[in-house]
1. Would you call residue 87 among the hydrophobic types (A, V, I, L, M, F, W, C), within 27 Å of residue 11 (Cα to Cα) and in contact (Cβ under 8 Å) with a residue 40 or more places away in the chain?
2. Given (1) open to solvent by less than 70 Å² (accessible area, probe 1.4 Å); (2) over 16 Å from residue 153 (Cα atoms), identify the lone condition not met by residue 222.
3. If we scan the range 132-140, do we find a residue that is crowded, with 21+ Cβ neighbours inside 10 Å and small (Gly, Ala, Ser)?
4. Here is a list of conditions, (1) open to solvent by less than 10 Å² (accessible area, probe 1.4 Å); (2) more than 10 Å from the chain's Cα centre (by Cα), and residue 113 meets all of them except one; can you say which number that is?
5. State all residues of the range 80-91 that are closer than 19 Å to residue 24 by Cβ and surrounded by fewer than 17 Cβ atoms within 10 Å (Cβ to Cβ); if no residue qualifies, say none.
6. Identify, please: which residue in the range 200-225 is among the small types (Gly, Ala, Ser) and within 20 Å of the chain's Cα centre (by Cα) and is, among those, farthest from residue 177 (Cα to Cα)?
7. Of the residues in the range 12-53, how many are more than 24 Å from the chain's Cα centre (by Cα) and either of a type in the set (D, E, K, R) or at pLDDT 70 or above (or both)?
8. For residue 67, indicate whether it is basic (Lys, Arg) and either surrounded by 17 or more Cβ atoms within 10 Å (Cβ to Cβ) or touching a Lys or Arg at 6+ places or on another chain (Cβ under 6 Å) (or both).
Amino acid sequence: MKFLRFRRKYNIKVEVEEFTQIVLMHLFPEMLNRRTFRVSSNEIFKKLEQLLSKQVDDKSKVDSLAKEFTAELPLLQKQLVSDALFIAQNDPSASSINEVIITYPGFTAICIYRIAHSLANKEIQLIPRIMTEWAHSKTGIDIHPKAIIGKEFFIDHGTGIVIGETAIIGNRVKIYQGVTIGALSVSKEFAQTKRHPTIEDDVVIYAGSTILGGNTTIGHNSIIGGNVWLTKSVEPNSLVYHESKVIVREREAVSRV
């Protein structure tokens, strides 16, 4: 019986992935390359109620959580349109906001993160994490649902980005592929402490950079160049870059060495 109860509680991965797609189809029906139709908020309410009833025994609490999430959908859509517009305005290769919504994996990951974050804020367990891991499998972008990310967030290309659980990211931050905003190795007893960096407003972090540690803050308006490794804070308006030495030699000369 215990095993059966465990399966009932946790065998919900496929259902959560389907629920994620239903919410995306409600917010941006053009995103999933399917027939254009909008899922109603009532359908989302009913589906979430089914999912939550597998984890929460209190029916009135299930009903309350599902209603609360459904009521937030217009605000979520407004935030996400703001993200997409910011990307379209700042990426020279983007021809329109529709191109961003339909084709950008970074925007897809942001969408699923914001949906999952809304659920995580309600102390809902497991479902938000399944959502962002599904996004991770589809986009290569790993954002923990409990990370806090401000408005107008820009992910370009995206593959290989990792943003940890206690990271705090300000407004209008731009992040490129291969960036890690992660934790230094700590023991399990520090799981409830702030383990990931704070990135203030208007920071740009270029490809391949790694920023680690809960006490590390990147000051506003800073630029972190590619392949930088940081475990200490940076003052606002800083330019941080990794100086590497590239040697170019004539091939014929090399053969004589």
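The values are calculated or read from the model by the stated rules, or taken from the named source; none is laboratory data. None of the values given here were measured: they were computed from a predicted structure. No Cβ is skipped: glycine too gets one built from the backbone with ideal geometry, and neighbour counts run over all protein chains shown. Keep in mind that these areas ignore ligands, DNA and RNA; they rest on the heavy atoms of the full protein, side chains included. Shrake-Rupley method; radii C 1.70, N 1.55, O 1.52, S 1.80 Å.
1. So residue 87 does not fit the description; no.
2. Against the list (1) open to solvent by less than 70 Å² (accessible area, probe 1.4 Å); (2) over 16 Å from residue 153 (Cα atoms), residue 222 comes up short only on (2).
3. yes
4. It fails just one condition, (2).
5. 81, 82, 85
6. 214
7. 8
8. no
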